[in-house]
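The values are calculated or read from the model by the stated rules, or taken from the named source; none is laboratory data. None of the values given here were measured: they were computed from a predicted structure. Backbone-built Cβ (ideal geometry, glycine too); neighbour counts: all protein chains shown. These area figures cover heavy atoms from the full protein model, side chains too; ligands, DNA and RNA do not enter into them. Shrake-Rupley method; radii C 1.70, N 1.55, O 1.52, S 1.80 Å.
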Amino acid sequence: MTDLTCTRGGRKLFGSFELTLDAGRCAEIHGANGSGKSTLLRIAAGLFADYSGEVDAAPCHYLGHRNGISALLSPLENLKPFERLGPGSAQGALDRVGLHNECEVPSGQLSQGQQRRAGLARLLLGDRPLWLLDEPLTALDSDGRRLVRELVEAHCGQGGAVLCATHQTLGCSACEVRLGA
Amino acid sequence: MFAVQFRRDWLSLMRAKDEAINPLVFLFLAATLFAIAFGGEPQRLTGLAPAIIWVLVLLANLLSLEALFRRDFEDGTLEQLVLLAEPPFAAVLGKVAVQWCLSGVAMTVLAPMVALLLNLPVGVLPALMLGLLLGTPALSLIGAVGAALTVGLRGGGVLLALLLLPLYLPVLVFGVSATLDTMAGVGAAAQFYWLAAISAMALTLAPFATTAALRISVEQS
Amino acid sequence: MMFDDWQAFIAMGGHGLYVWMAYSAAVALLIANLSGLRAERRRIRRQLHDQLRSRAEEGSDASQAP
Amino acid sequence: MTLKEFWHRLGSPKWFYQMSGRWQSILAALAVLLIVAGMIWGLAFAPPDYQQGNSFRIIYVHVPAAILAQSVYLALGAAGVLLLVWRMKMAQLVLENLVGFGAWMTALALFTGAVWGKPTWGTWWVFDGRTTSTLLLLFLYFGLYALRRAIPAREAAGRACALLAVVGVINIPVIKYSVEWWTTLHQGATFKLTEAPAMPASMWAPLLVNVLGAYCLFAANVVAKLRTAILRQERGAAWVREWALRESTR
Amino acid sequence: MHPKRRSRLMTVVFVLTGAAAAVALMLRAANENLNLFYPPDQIAGGEAPVGVGIRAGGMVLEGSIVRGGDSLDVAFVLTDYQGADFRVAYSGILPDLFREGQGILVRGQLGADGIFQAEEVLAKHDEKYMPPELMPLAEHAAGASGRR
């Protein structure tokens, strides 16, 4: 993305923002609350269009504040539609994030952290080179945080790129982008 | 995509049955209230019954539309739908189809009972049901546009009614007059054709408008 | 002129009430509309003016710069 | 290429602002002149109707208001298309600022219609085809207004209203047709075996003047609303500051 | 790109099918005579169904109104001034605007004897405006054009 300017609510969030993310790299976006981290990710995902400048993003997975996991459906049912995207089975992805025993339970009965894990499992389905993660560590225990790190490292190792907005560091080798003064 | 979304929403519907049948309960309750309020003179109700039924169906439809996208909006599934769906209108159609099964098909099935409560002659029932079956798709489809626009807004329910009721008017007019004309012994083929035409038009245009509206709503969340 | 005198004009052949009601509503709307536009314009001009002055007080260099 | 350039310019607030100063005063003056002239003409010089007498004179405010009510909605629909497809900034300003004007015009049409209905039909209100569809038009305006108020983000509100306006415009013919067909069943007016004789010139001329005046008012409103909205929107821009400086030194 | 192209094709097919269906249905609806309204020439020509509720219309023929003494019965002839007319029988209160030469809409059934048994009589709103001094002239003009 080059020369990205976005104003929201009459307030300039960031101006002339530039970022190039090569394959195999992970970038962490840091910044104070309200500095535009989430908006930047949403722009990259194509979920927010009120900006000027150029955005050229590869096909991506977006994991926002909200997990995109319907409470009425089990994690497995939630992920089934994403199997169409490419290789990988929903069952395998859920096993990977440690939800092997919970994949048939309606998600509403799972804890916040488990729902977050289900959201992470979606990243493993379909071959999307770019991951956009918005605060992926929220609600996760130390085990979960390690899981995120492993997933990100594995993804980068396979030539994927990760753009991640967070207040904590992921703990893997990542370049740092700062938003807001 | 249509089938995938349909199956998904159908499952959700089955898991939250009690919530889903609320509009049907409303339809029944309101019709009962009318029947009781007119208690002394059921024959006066006969002439009004088609209008009452159709208005109640409209309102019940509004009730169930309000919830059409809300849950998905709140848990972030809607974002994923906007990002994933290919083509997006097929997924929207899948959602609307599930809503229609409830608001259209179920209400059509329920209509005879409501009609008998309201003292509508039995001979008119086929016309009433046919009218509902042909007209309710338009209600669901046009309604989905409004629901997509107002999802996530405070006071969305009243706003939804304000946006949709004027747009519902043609369906109401043709639906009621089809039933009335059948009751009067006049053929009502033209009205049925019109209802079907409006539904076909809504089927062609509304999913695209709904998709656009969903994008707008998702973008501001 | 279709009327013989002012009285007839006001009375409008018995329909005066209705005719004058309609016309006064239209005139009222016209006046309200145009004066509303003017007031809005004046308001924004004052706002801009104030903004400019406060900025000028902050530092005359800033407002001078293009 | 030149057409594209022109298009781009038309969408540029600065260019529009600089061009429109004169248009606005001309249009507003023309509107007042035409409307006042048309009203006096209609009130005092046009002949009364053979059946309705002088209450017929209400036509000179009723019809322009009704025509504007529909024209404004059509304009909103057109602006909606422009905004949704080409993301034209100006279209958003039109959408935001003309809803109120259209709603007031519709209300005026309904009010004068009611006032006219009392002496002619003997009732203030009839659910006749035209009155009903005008009432629905008012509801559509209310819907647009309420939707804009309900959405906090301006850009999103503009696009949502654009979508609603477009949907409304597609729906209006169907609504109008169905309502007119349905209610005239009870009123009786579906068939035209003879063509109604045209109004004599002494009657339609003032009407024409008033309709033209109303359109001028419409245009003046568009221009004026756009100008203030542009100033508000672009208040940070250099040319606005320059303008304000020039104004304040005056 | 293949799935994308396929989905685009699907969209186009979907829209075309839907639009074609809508247009076809509307054309059918237009053919169906929504109002079930029959002008005088169709009734006189025997095109209107007998014994079924229909609507018909025409102008009240001058001098054709026959009122039935004490009762509210009334009979009149509706014509299109072009040679076709039919008789109407009605029992009830006529609208205020009912008069000779007025456009009238009737709802009811056509009897086997060719007499229209009306259940409801509606007067058409008058939509012409005229200064009073022009009245006789206009009436003459209307009569002339009617006889055309």
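Observations
- Per-residue HN-Hα couplings for the range A:153-164 [Karplus 6.51, -1.76, 1.60; θ = phi - 60°; Hz; x = Gly/Pro]: 5, 5, 5, 5, x, 8, x, x, 10, 10, 10, 9
- Shape of the range A:69-127, Cα gyration tensor, a/c cut at 1.5: prolate
- Between the helical axis of A:112-123 and the longest alpha-carbon principal axis of chain A there is an angle of about 80 degrees.
- Cα shape, the range D:9-155, gyration tensor, a/c 1.5 rule: oblate
- In the protein assembly as shown, taking the dipole from charged Cβ atoms about the Cα centre, the farthest positive-side position among D:43, B:40, A:30 is held by A:30.
- With the convex hull drawn around the C-alpha atoms of the range D:108-150, the volume per residue stands at 61 Å³.
- Each pair of Cα atoms in the range B:125-221 enters the Kirkwood radius, and Stokes-Einstein at 37 °C and 0.692 mPa s then converts it into a translational diffusion coefficient of 230 µm²/s.
- Interface residues of the range D:139-162, defined as a loss of at least 50 Å² in heavy-atom accessible area between the chain alone and the complex of all protein chains with a 1.4 Å probe, are D:147, D:159.
- With helices as the sole contributors, the protein assembly as shown gives -20500 deg cm²/dmol at 222 nm; each DSSP H run of n ≥ 4 counts as -39500 (n - 2.57), and the sum is divided by every residue.
- Residue mean of other protein chain beta carbons inside 10 Å, B:143-153: 3
- Integer Hz, Karplus 6.51/-1.76/1.60 couplings in order for the range A:67-72, x for Gly and Pro: 6, x, 10, 6, 5, 7
- Amide H to amide H, with H built 1.01 Å from N, residue A:29 comes under 5 Å of A:164, A:165, A:166, A:177, counting only residues 5 or more places away or on other chains.
- Under-5 Å amide H pairs with residue E:52, H placed in peptide plane, nonlocal only: E:110
- For residue E:57, the residues whose amide H sits under 5 Å from its own are E:38, E:106, ignoring neighbours fewer than 5 places away on the same chain, with H placed 1.01 Å from N.
- Sorting the segments E:64-73, A:145-154 by their mean number of nearby beta carbons within 10 angstrom, highest to lowest, gives A:145-154, E:64-73.
- Each peptide among D:74-82, B:96-104 gets the average number of other Cβ atoms lying within 10 Å of its residues, and from highest to lowest they stand as B:96-104, D:74-82.
- The Rg/Rh ratio for the range E:52-96 is 0.99, where Rg is the radius of gyration of the alpha carbons and Rh is the Kirkwood radius.
- Peptide D:64-70 is shielded by partner chain Cβ atoms: per residue, an average of 1 of them sit within 10 Å of its Cβ.
- Based on alpha carbons, the Rg and Dmax found for the range B:75-183 are 16.5, 50 Å.
- Taking the Cα centre of the protein assembly as shown as origin and assigning +1 to Lys and Arg Cβ atoms and -1 to Asp and Glu Cβ atoms, the resulting dipole is close to 2520 debye.
- Chain A: radius of gyration and largest Cα-Cα distance (Dmax), Å: 16.3, 48
- Kirkwood-Stokes translational diffusion coefficient of chain B, alpha-carbon pairs, 10 °C, 1.306 mPa s, µm²/s: 89
- Peptide C:10-18 has a mean shielding of 6, counted as Cβ atoms of other protein chains within 10 Å of each residue's Cβ.
- Peptides E:101-110, D:215-224 ranked from most to least packed give D:215-224, E:101-110, packing being the mean of other C-beta atoms within 10 angstrom over each peptide's residues.
- Integer Hz, Karplus 6.51/-1.76/1.60 couplings in order for the range B:112-121, x for Gly and Pro: x, 5, 4, 5, 5, 4, 8, 6, 7, x
- Taking all protein chains as shown and a probe of 1.4 angstrom, residue D:62 keeps an accessible surface of around 40 Å².
- Measuring between alpha carbons in the structure, the pairs from D:89/D:225; B:95/D:176; B:17/B:95; B:95/E:4; A:80/B:95; A:37/A:80 lying more than 23 angstrom apart are B:95/D:176; A:37/A:80.
- Reciprocal mean inverse distance between Cα atoms of the protein assembly as shown - Kirkwood radius, Å: 31.5
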